[in-house]
Amino acid sequence: MVVKVRRKGVLILPKALRERVGIEEGDEVVAEVVGESIVLKPLKPRVVDVDVEKVYEIVREEKKEWDVRLDALAGKAGA
C-alpha cells in the first residue's frame with residue numbers, strides 16, 4: 001500500500017491498515033528505522049494479571065521488616 005508523506009512529515013494511515021493492527025485515534029506508535037525501512041508498531045499497554053493477595057502479603061512482610069529497623073534506630077537514638 002502506498003502512503004503519501006504530507007507537509008511536516010505527516011502520514012495518513014489508511015483505515016484498513018489501522019484496523020488490521022488495532023491502531024485507533026489517539027493511540028501512540030513506536031517508529032523504528034530497520035535497515036532502509038521505517039517500521040511503525042502500535043504501543044499498547046501490557047496487561048498483567050496480578051494476585052492482589054500476594055501483593056498484600058509482600059507489603060505486610062516488608063512493613064514488618066521496616067518496623068524492626070525503625071525500632072532499632074529509635075532504640076539507638078534514645079540511648
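Structure notes:
- Listed conditions (1) exposed (fewer than 10 other Cβ atoms within 10 Å of the Cβ); (2) not in a strand (DSSP E or B) are all met by Val30, apart from (2).
- Residue within the stretch 48-58 that is surrounded by 10 or more Cβ atoms within 10 Å (Cβ to Cβ), of a type in the set (Ser, Thr, Tyr) and at pLDDT 90 or above present: yes
- Matching entry among Lys41, Lys76 (being at pLDDT below 95, surrounded by 10 or more Cβ atoms within 10 Å (Cβ to Cβ), of a type in the set (D, E, K, R) and not in a loop (DSSP other than H, G, I, E, B)): Lys41
- Tallying residues that are at positive phi and more than 26 Å from the chain's Cα centre (by Cα) within the stretch 2-42 yields 3.
The values are calculated or read from the model by the stated rules, or taken from the named source; none is laboratory data. These numbers were taken from a predicted model, which means no experiment stands behind them. Every residue, glycine among them, receives a Cβ derived from its backbone with ideal geometry; neighbour counts consider all protein chains shown.
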